[in-house]
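These notes are about the structure you will find just below.
The values are calculated or read from the model by the stated rules, or taken from the named source; none is laboratory data. Note that the structure is a prediction, hence the values are computed from the model and not measured. Virtual Cβ from ideal backbone geometry, glycine too; neighbours counted across all protein chains shown. These accessible areas exclude ligands, DNA and RNA; they are computed on the full protein's heavy atoms, side chains included. Shrake-Rupley method; radii C 1.70, N 1.55, O 1.52, S 1.80 Å.
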Amino acid sequence: MTRSTTARHLATIDRLRADALPAQRGSGCRVADLRVSEEFWEADAVRIREAEEEFEAELRALVRVLSLRWGDPEVLDLTGHLERSAMGEPVPPPLDVLCGYVPRLCVWRVDGRWVALGVGQAGRELPFQLVVAMAEDPDLGADPR
């Protein structure tokens, strides 16, 4: 990841943090893509693995920079939220959307907001996504079990 890419992602995160969050089912939240790969309908396993490694490296670089600002993040495993969703149980937003394609999030609590980063892919042929999520609820990341 280049410095200009990191700077662009940080500018997006800062802009989203400055914006008011929409009211959504009782919890203001927003999910935004920082980067989206191509689709992999005709790609071989090597190309998919390379793209995944690239996105994970980009995530690690952003986590390092944001950790300098806000300290080390919590790591939130979304498996329990996905299981709850699959059983028809309620999952708070934005975890209800994210748990379908992001396995874990790096989460900070900053100025009364929950800020999270993750990489996900909704299916083998679908693009990788580097996402940022924000929410007003400081307890949003609580373990569902």
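Points 7 angstrom from Cα along the Cβ direction at residue 39 and residue 75: gap in nanometres?
Going by the 7 Å Cα→Cβ label model, 3.2 nm.
Between residue 52 and residue 111, what is the spin-label point distance in nm, taking each point 7 Å from the Cα along the Cα→C-beta axis?
Here the answer is 3.6 nm between the modelled labels.
In the calculated pair distance distribution of segment 44-145, what percentage of Cα-Cα distances lie above 19 Å?
Summing the P(r) of segment 44-145 above 19 Å gives 45 percent of all pairs.
Residue-wise, which Karplus ³J(HN,Hα) couplings in Hz belong to segment 116-130, taking 6.51 cos²θ - 1.76 cosθ + 1.60, θ = phi - 60°, and x for glycine or proline?
Running phi through 6.51 cos²θ - 1.76 cosθ + 1.60 with θ = phi - 60° gives 9, 10, x, 10, x, 8, 6, x, 3, 8, 8, x, 7, 10, 9 Hz.
Mean Kyte-Doolittle of at least -0.5 and a Cα length of 18 Å or more along the axis: which whole DSSP H helices of the chain meet both?
Values: long enough: 3-18 (22 Å, -0.63); 45-70 (36 Å, -0.11).
Correct list, ordered by number: 45-70.
Taking only protein heavy atoms into account and a 1.4 Å probe, give the accessible area per residue of the chain in Å².
Numbers: 7830 Å² over 145 residues.
Normalised by residue count, the accessible surface of the chain is 54 Å².
With just the Cα atoms of segment 47-100, tell me how far they stretch along each of the three principal axes, in Å, largest first.
Each principal axis gives a Cα extent; for segment 47-100 these are 36, 34, 13 Å.
Can you give me the convex hull volume of the Cα atoms of segment 1-99, divided per residue and expressed in Å³? If you can, show how the numbers build up before the last one.
Working: hull volume 14.5 nm³, N = 99.
Taking the convex hull of the Cα positions in segment 1-99, it is 147 Å³ per residue.
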